[in-house]
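Participant: Pasting in a structure now, in structure tokens, and then I'll have a few things to ask.
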Amino acid sequence: MAAVTGPSVPDADPDDRLVELSLAGDLRAFERLVERYRDVVYRVAARITGEDEAEDVTQDTFLRAYHRLGRYRRQGPFRAWLLQIAHNAAVGALEHRKVGAIALSALEQEEPRERRFTPADQIESRERRRRLDVKVKGLSRHHRAVLVLRDIEGLSYEEIARVTDAPIGSVKARLHRARLEFIDALRHNTYDWELPR
């Protein structure tokens, strides 16, 4: 006879226990959260503000998160809540500076590992990354944010909606427009990117 089971309960966020311990004053628990998410927070900050300010934004993000930990309501994953703080800190840094920069080397396709790069290949690769950075800098900050969060960091639409504090429909529309705008910008230099017209 088969066992009867009740409605399935979603798995708890694995970070919840560390959050509880942090709230109870366990600094090592918060340090574990920092270690777990430092790289992704840094990448998001770097792609929104540029590498020069990414470390400051990353530190600011974790400082804000620590002081606001009591406001975390577990209505979504801790990661999404933290990335919302990172996004807001990065946007705040941009608004403070009034200039946008972005490091987008991850958008380039990786070359096979077996290939040996000549100095000319390395120069060409750096130049292509620089040109990508310039093209992405031309996107609005809203378009830049959703493009980075979805296509580089791999967040779901729901997570991006939480991070950017925008409805899912707006996230999808912005991402669609961002991709079209980015491809159109690349097509202006088809000799660089080999994109069909």
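The values are calculated or read from the model by the stated rules, or taken from the named source; none is laboratory data. Every value quoted in this text rests on a predicted model; they were computed, and no experiment measured them. For neighbour counting, all protein chains shown are included, and Cβ atoms are generated from backbone atoms with ideal geometry for every residue, glycine included.
Participant: Only residues that are over 23 Å from Tyr72 (Cα atoms) and at pLDDT 85 or above: list them for segment 151-175, please.
Facilitator: Filtering segment 151-175 down to residues over 23 Å from Tyr72 (Cα atoms) leaves 151-152, 169-170, 172-175.
The answer is Gly169, Ser170, Lys172, Ala173, Arg174, Leu175.
Participant: Step by step: first the residues of segment 24-60, then only those that are more than 30 Å from Glu95 (Cβ to Cβ) and at pLDDT below 90, then the one that is surrounded by the most Cβ atoms within 10 Å (Cβ to Cβ). Which residue is that?
Facilitator: Per the criteria, the residue is Asp26.
Participant: Further question: Go through segment 142-174 and give me each residue that's surrounded by fewer than 20 Cβ atoms within 10 Å (Cβ to Cβ) and either hydrophobic (A, V, I, L, M, F, W, C) or closer than 15 Å to Ala86 by Cα (or both).
Facilitator: Taking segment 142-174 first, the residues surrounded by fewer than 20 Cβ atoms within 10 Å (Cβ to Cβ) are 142, 151-154, 156-158, 165-170, 172-173.
His142, Ile152, Glu153, Asp165, Ala166, Ile168, Ala173, listed by residue number.
Participant: Additional query: Would you tally the residues in segment 147-161 being part of a helix (DSSP H, G or I) and at positive phi? Reasoning before the result, please.
Facilitator: Going through segment 147-161, the residues part of a helix (DSSP H, G or I) turn out to be 147-152, 157-161.
The next check asks that each one be at positive phi; those that pass are none.
Of the residues in segment 147-161, 0 are part of a helix (DSSP H, G or I) and at positive phi.
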